[in-house]
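The structure under discussion appears below in the form of structure tokens.
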Amino acid sequence: MAKPIDLIGLADRLGPKFFDRIRELDAADAFVAENYKELTAAKVFSAQVPKDLGGGGVSHSEMCAFLRHLARFCSSTALAVSMHQHLVSAALFNHRAGRPGEMLLKKVAASEAVLISTGANDWLESNGSARKVEGGYRVSAVKPFTSGSPAGAAFVTSAVQDDAEGGPQVLHFTVPSNAEGVTFLDDWRTMGMCATGSQTVRFEDVFVPEDTVAMKRPQGEFHPAFNVIITVADPLVMSAYVGAAEAACAIARGRARKRRSDPVVPYLIGEMENRLTTAQLACDDMVRLANDLEFTPSEELSSKILIRKTITSKNVIAAAEKAMEASGGGGYFRKAGIERLLRDVHASQFHPLPEKRQQLFTGRLSLGLEPVETAAEVTVAAE
């Protein structure tokens, strides 16, 4: 019997090397390529795939804990890996439910294939066009936020078929990263998470075979599949941000101890601890609700996850900002390490759903409405 993967031990073994690399990579906006090679060798990308399909068989909650721990060393690596892992989690949930997913899981297990998500900026509308041709579709689109794409094997993406019966349909499908018509734009120059390789990718008349289309849904409508995606993805993604905030707070504690005779410093550290604990509790509860993928998808569950995502995001940012303040002027120097982590955690607010969209989703649901505005509501409003 294969020995179980000790993910926390792996993070402790590889993490110091990742930490040594990140300052230079962050400054150069360069992808964590060497980190990915080492994680591939350790079979991290197939870790969630069931053992009977060739993977490591670790649980969703174990992967969340790994990403959180890894982020304390390199938050860019942890965040990029979380994007792959949420696609694996969704495929695993669907496989267990008797829906398509097994083929993708086997592909990941066979070659440690890195999956690239483009869904963060698409939400219900998606973008791009899918033109029906013999045997499939020709797809053209521009997709930002493709974390990990320099090492990716396949994109899990979507585009809109405008000429479909019943109105525009969003098609969900996979595209090999080396497919003809795929261009990497190398434009990832951002405030934070600078080493995730989340560049924009352009698809120009890329052929997508019909049998690779996993789902079709009406454009703009909330589909039940999102209840799965939200529930599996947000705990993984936000675990990386909590780990980054924990790293910032650890630095602040060390620096503040040298200034503890200052009567203001204990207050600042106390406030920081409150913010960090709030983020930890919210993230831990997301992991609990996901229940190692043993959950019943629902809009109500999605709302609970999204509320906790907002709470986590607001408080990792607040904790890191307070860590900077508690560190004094010395903490403002890049060499202290807090500056990079503070920039990194600010990216948490842009993951689906951003705060105001979450509040709208949750508020509508609480009032007995559909979570997003329906075509019928639009018609009534127009009249």
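Where a number appears in this text, it was derived from the coordinates with a stated rule and is not lab data. Worth saying up front: this structure is predicted, and the values here are computed from it rather than measured. Quick reminder, even Gly has a Cβ in these numbers, built from the backbone with ideal geometry, and neighbours come from all protein chains shown.
Our estimate of slack between ASP163 and MET191, defined as 0.36 nm per intervening residue step minus the Cα-Cα distance, is 6.1 nm. Per-peptide packing, taken as the mean over residues of other Cβ atoms within 10 Å, places 81-94, 219-232 in the sequence 81-94, 219-232 from highest down.
In the chain, taking the dipole from charged Cβ atoms about the Cα centre, the farthest positive-side position among PHE226, ALA120, TYR267 is held by TYR267.
Cross-linked pairs LYS143/LYS216; LYS143/LYS314; LYS258/LYS314: no Cα-Cα separation exceeds 30 Å.
Peptides 178-184, 156-162 ranked from most to least packed, by the mean per-residue count of other Cβ atoms within 10 Å: 156-162, 178-184. A Stokes-Einstein calculation at 10 °C with viscosity 1.306 mPa s, built on the Kirkwood radius of segment 129-218 over Cα pairs, returns a diffusion coefficient of 116 µm²/s.
Ordering GLU24, GLU339 by the number of other Cβ atoms within 10 Å of each residue's own Cβ, fewest first, gives GLU24, GLU339.
Considering segment 7-113 at the alpha-carbon level, its Rg and Dmax are found to be 14.1, 46 Å.
For the chain, the Cβ-based charge dipole about the Cα centre amounts to some 1620 debye (Lys, Arg positive; Asp, Glu negative; other atoms uncharged). Could you state the angle between the C-alpha long axis of helix 7-28 and the longest principal axis of the C-alpha atoms of the chain, as a value from 0 to 90 degrees rounded to the nearest 10? Roughly 90 degrees, rounded to the nearest 10. Remark: TYR241, TYR267, TYR36 ranked as TYR267, TYR36, TYR241, counting other beta-carbon atoms within 10 Å and listing the fewest first.
Couplings 3J(HN,Hα) of segment 249-257, computed from phi: 5, 5, 4, 4, 4, x, 6, 5, 4 Hz, in residue order, whole Hz [Karplus 6.51 cos²θ - 1.76 cosθ + 1.60, θ = phi - 60°; x for Gly and Pro]. The shape of segment 180-228 can be summarised by an equivalent ellipsoid whose semi-axes, obtained from the alpha carbon gyration tensor, come to 27, 20, 9 Å from longest to shortest. Sorting SER111, SER61 by the number of Cβ atoms found within 10 Å of their own Cβ, with the fewest placed first, yields SER111, SER61. Using θ = phi - 60° in the Karplus curve 6.51 cos²θ - 1.76 cosθ + 1.60, the 3J(HN,Hα) couplings for segment 225-231 round to 4, 5, 5, 6, 4, 4, 5 Hz; x is entered for Gly and Pro.
List the residues of segment 244-275 whose backbone N lies under 12 Å from a point placed 7 Å from the Cα of ARG288 along the Cα-to-Cβ direction. None, by backbone N distance to the label point.
Where the alpha-carbon atoms of the chain are placed on the principal axes, they occupy 73, 55, 41 Å, in descending order.
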